[in-house]
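The values are calculated or read from the model by the stated rules, or taken from the named source; none is laboratory data. The structure displayed is predicted, hence computed values, not measured ones. As a convention, Cβ positions derive from the backbone with ideal geometry for all residues, glycine included, and neighbour counts pool all protein chains shown. Note: accessible area is taken over every heavy atom of the protein model, side chains too, but ligands, DNA and RNA are not part of it. Shrake-Rupley method; radii C 1.70, N 1.55, O 1.52, S 1.80 Å.
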Amino acid sequence: MKVYKFFLLLLLGGGLLVSMNSQSISETNKGDYVIATFAGGCFWCMEGPFDKLDGVISTTSGYTGGHTVNPTYEEVSAGGTGHAEAVQVEYDPQKISYRELLAVYWPNTDPTTPNSQFCDYGDQYRPAIFYHNDEQRQLAEASKEEIERTKTFSAPIVTEITQATAFYPAEEYHQDFYQKNPIRYKLYRFTCGRDSRLATLWGDEGKA
């Protein structure tokens, strides 16, 4: 499926494959706003669910959790960098809570598949919550425990909960891909079987 995704990107034109000058972002607070970081497979599919929430200021697709400095998409997708495709959510805690973000994160992922999500395979697609402080860690762990108590999946929950490290924004052509290229995005999402799998796992909660 990774080959199919590359084919879609090539259709956008070779000029878009030039990497932007990525800069590491790992701070928790940006002024009066707060940062949350989540990985749930292809980052194209993780921006939209958060963008629609009142109180979310911005979402940024990028790479985190690895050891390579300023990685490119080609490096991350090839594996070996340790990074996961992730989305960084900047939000106003006066309007939306981290607990509410977690409630959106979980049903947009398959928490039962380590080192893969839907049609994408490799640790770069692992499901993960990257916490920025102890409160986020506690809330993330509590939400995972609640799902383990209330949801009956055919396999255990393997979503990683780990401390956030440097976050590197992805190349510009990846940002808001679902808005810039809606047809190609929907085709990728459908072909990847993302929505059908989410519906199987979460029912109505899994609707994007």
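Things worth noting here:
- Residue within region 133-155 that is out of contact with any Phe, Trp or Tyr (no Cβ under 8 Å at 6 or more places or on another chain) and either open to solvent by less than 20 Å² (accessible area, probe 1.4 Å) or closer than 22 Å to residue 81 by Cα (or both) present: no
- Within region 173-185, tally of residues that are in a helix (DSSP H, G or I) and surrounded by 13 or more Cβ atoms within 10 Å (Cβ to Cβ): 7
- Checking region 31-42 against the condition returns a match, with at least one residue being without any contact (Cβ under 8 Å) to a residue 40 or more places away in the chain, assigned to a loop (DSSP other than H, G, I, E, B) and out of contact with any helix residue (DSSP H, G or I) (no Cβ under 9 Å at 6 or more places or on another chain).
- Residue count, region 43-74 (criterion: polar (S, T, N, Q) and either free of Cβ contacts under 8 Å to residues at least 12 places away in the same chain or out of contact with any strand residue (DSSP E or B) (no Cβ under 7 Å at 6 or more places or on another chain) (or both)): 2
- Among the residues of region 97-115, those identified as more than 17 Å from residue 146 (Cβ to Cβ) and open to solvent by 10 Å² or more (accessible area, probe 1.4 Å) are 113, 114, 115.
- Hey, residue 60 touching a Ser or Thr at 6+ places or on another chain (Cβ under 7 Å), among the β-branched types (Val, Ile, Thr) and either farther than 17 Å from residue 189 by Cβ or surrounded by fewer than 20 Cβ atoms within 10 Å (Cβ to Cβ) (or both) or not: no
- Against the numbered list (1) open to solvent by 20 Å² or more (accessible area, probe 1.4 Å); (2) more than 21 Å from residue 44 (Cβ to Cβ), residue 118 comes up short only at (2).
- Scanning region 120-153 for residues that are of a type outside the set (Ser, Thr, Tyr) and over 21 Å from residue 65 (Cα atoms) returns 142, 145, 146, 147, 148, 149, 151, 153.
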